[in-house]
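Working notes, structure below.
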There are 2 protein chains.
Amino acid sequence: MTPRPRHLPSEERRAEAVEAVIRLAASTNPEEITTSAIAARMKLTQGALFRHFPTKDAIWQGVMEWVSDRLLARIDRLAGAETDPLAALEAMFLGHVDFIAEHPGVPRMMAGQLQNAGETPAKRLARTLVENYGNRLRRILAAARAEGVVPPGLDIDAAATLFLGMVQGLVMQHLIHGDSARMRADASRVWVIYRAGLLAAEHAPEGRA
Amino acid sequence: MTPRPRHLPSEERRAEAVEAVIRLAASTNPEEITTSAIAARMKLTQGALFRHFPTKDAIWQGVMEWVSDRLLARIDRLAGAETDPLAALEAMFLGHVDFIAEHPGVPRMMAGQLQNAGETPAKRLARTLVENYGNRLRRILAAARAEGVVPPGLDIDAAATLFLGMVQGLVMQHLIHGDSARMRADASRVWVIYRAGLLAAEHAPEGRA
DNA sequence: TGTCAAAGTAATTACTTACTCACATAATGG
DNA sequence: CCATTATGTGAGTAAGTAATTACTTTGACA
């Protein structure tokens with residue numbers, strides 16, 4: 001083990017800081033993640049952080065970029081591996097849940113950023129991520145409709161909203177129970193209902209079957 | 001208009017404070033709701049607040065009780081007015097969305113409390129609300145299953161989770177678009193898919209109809 | 001009507017926050 | 001090997017934060 005160098009290039013320190021925030025958020029309310037807490041986890045003095053970031057919001061920007069890149073890359077890879085649109089959606093969903101199980105602080109941070117009052121750059125990144133995610137959902141849902149996998153009258157925007165809500169419902173359960181394995185198991189069960197909703201939507205409500 | 005008395009009984013001031021927090025949360029990140037901000041909205045000095053609350057968390061407790069009482073009372077009233085379980089669920093859902101449209105800060109505050117690290121009394125109240133809400137959902141869903149309105153194999157826990165997620169998905173869209181009327185309209189569209197999911201769950205995935 | 005407890009004020013407390021700065025140290029290229 | 005620059009330190013700063021306190025005002029009621 002090489003004795004850890006005390007001076008690291010700025011780029012590496014920035015990556016370290018982002019990682020520190022992600023890990024801190026797993027067990028802490030994002031609002032309580034102070035620059036001191038970040039520096040402490042990096043074994044750095046608090047002031048040193050500002051050699052690499054001009055402001056605290058810049059750290060949050062870095063974090064949101066990290067989340068965006070990783071999450072979108074993962075769901076694109078998973079969805080791209082499937083030919084059936086519904087299978088692609090399911091892979092996206094389960095992959096997203098896995099991502100959250102691996103990084104439990106992420107939804108907390110997203111929510112924290114989104115509900116910030118002012119228009120900070122970090123908030124804009126968070127919103128852009130949600131939009132990009134929604135675009136991917138709608139694209140796949142449109143493909144499913146075009147292929148006749150789901151009814152032609154399926155409301156795609158509503159289906160996308162419900163998809164995102166499905167993830168958040170699981171996150172809330174996770175916040176309350178704190179059990180990642182359970183969240184993963186619940187995900188499959190919720191998916192069954194969602195999938196049925198996609199397949200059956202707009203059909204006569206009575207006389208099912 | 002009677003000239004506003006400067007000295008109010010403590011009970012009224014507490015109610016005022018809770019109301020002030022609810023209204024502040026409509027436009028502010030809950031974490032930024034300081035005792036000074038609350039006092040300012042009440043046209044009171046900051047210190048005076050502590051004549052009526054021993055601590056700031058006590059204010060949050062009051063707020064969470066306010067939310068609990070009002071929300072549960074509303075959904076109980078709406079659901080109780082329906083005989084068909086599915087109609088009751090729909091009334092609950094739309095009533096909940098209305099409640100959020102009237103008090104947009106509520107979901108923000110709930111989320112903020114739930115993700116607090118420590119075990120504050122206010123956090124416990126928030127969690128209790130979610131549990132009570134879930135219990136009501138599961139009771140109605142169980143009734144629907146018993147009456148044969150939904151398939152006997154419907155996963156009730158998953159359906160309840162998805163219901164709560166459905167609300168949160170709308171809240172997130174609302175956070176992004178900031179349009180209450182749109183949220184209300186979207187709610188009906190999302191409900192169609194959810195309802196279809198309840199009715200069709202566990203049926204053969206292929207060959208819909 | 002005078003009394004007194006409840007309610008309000010203004011100033012202050014101890015503490016935390018993001019951010020800065022003068023100075024020290026490590027890495028790097030000529 | 002030395003000079004330059006990037007990185008790190010430790011001790012600041014100003015602007016908040018929740019909570020306290022000495023003192024004043026109000027209003028109800030004996």
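The values are calculated or read from the model by the stated rules, or taken from the named source; none is laboratory data. The shown structure was predicted, so the numbers you read here are calculated from the model rather than taken from an experiment. Cβ placement follows ideal geometry from the backbone for every residue including glycine, while neighbour counts extend to all protein chains displayed. In case anyone asks, the SASA skips ligands and DNA or RNA and just uses the protein heavy atoms, side chains included. Shrake-Rupley method; radii C 1.70, N 1.55, O 1.52, S 1.80 Å.
Some points to look at:
- Surface exposure of the protein assembly as shown, expressed per residue as accessible area with a 1.4 Å probe, stands at 46 Å².
- Charged side chains reduced to their Cβ positions (Lys and Arg at +1, Asp and Glu at -1) give chain B a dipole of some 720 debye around its Cα centre.
- Positive contributions from Lys and Arg (+1) and negative ones from Asp and Glu (-1), summed over other residues with Cβ under 15 Å from the Cβ of A:A101, come out at +2.
- Total charge dipole magnitude, the protein assembly as shown, about the Cα centre, Cβ charges on Lys, Arg, Asp, Glu only, Debye to nearest 20: 1260 debye
- Top positive-direction residue, dipole computed over chain B with Cβ charges, set B:M92, B:L162, B:P107: B:P107
- A Förster radius of 35 Å, combined with the Cβ-Cβ distance separating A:A87 from A:T34, puts the computed FRET efficiency at roughly 0.20.
- Amide H to amide H distances under 5 Å link B:V150 with B:R145, where only residues 5 or more positions off or on other chains count and H is placed in the peptide plane.
- Rounded accessible area of A:T161 (nearest 10 Å², 1.4 Å probe): 20 Å²
- Treating r as the C-beta distance of B:K43 and B:R139 and R0 as 51 Å, the FRET efficiency rounds to 0.70.
- Label distances, nm, A:K43 versus same residue in remaining copies, Cβ-directed 7 Å point: 5.9
- Interface size B-A, as summed buried accessible area [1.4 Å probe, Å², nearest 100]: 4500 Å²
- Karplus-derived 3J(HN,Hα), 6.51/-1.76/1.60, for each residue of the stretch A:41-58, Hz, glycine and proline x: 5, 8, 6, 9, 7, 4, x, 4, 3, 7, 6, 10, 10, x, 8, 5, 4, 5
- At an R0 of 60 angstrom, the distance between the Cβ atoms of A:S10 and B:R182 translates into a FRET efficiency of 0.85.
- Across identical copies of the chain, B:T83 has label-point separations of 5.2 nm, listed in ascending order, with the point defined 7 angstrom from Cα along Cα→Cβ.
- Tensor-based shape of the protein assembly as shown (alpha-carbon gyration tensor, a/c under 1.5 rounded, otherwise prolate or oblate): oblate
- At 7 Å out from Cα toward Cβ: B:A181 inter-copy label distances (nm, ascending): 5.1
- Within the accessible area of the protein assembly as shown, the carbon and sulfur atoms contribute 52%, probe 1.4 Å, all protein chains present.
- Structure-based [θ]222 nm, chain B - -39500 (n - 2.57) summed over DSSP H runs of at least 4, per residue, nearest 500: -23500 deg cm²/dmol
- The lysines whose alpha-carbon is closer than 21 Å to the alpha-carbon of A:K56, local same-chain residues fewer than 8 away aside, are A:K43, A:K123.
- Over chain B, Cα pairs under 8 Å with separation of 6+ residues give a relative contact order of 20 percent.
- The 1.4 Å probe gives accessible areas that order A:T128, B:T28, largest first, as A:T128, B:T28.
- The shape of the stretch B:146-191 comes out prolate: with a ≥ b ≥ c from the C-alpha gyration tensor, a/c is at least 1.5 and a/b beats b/c.
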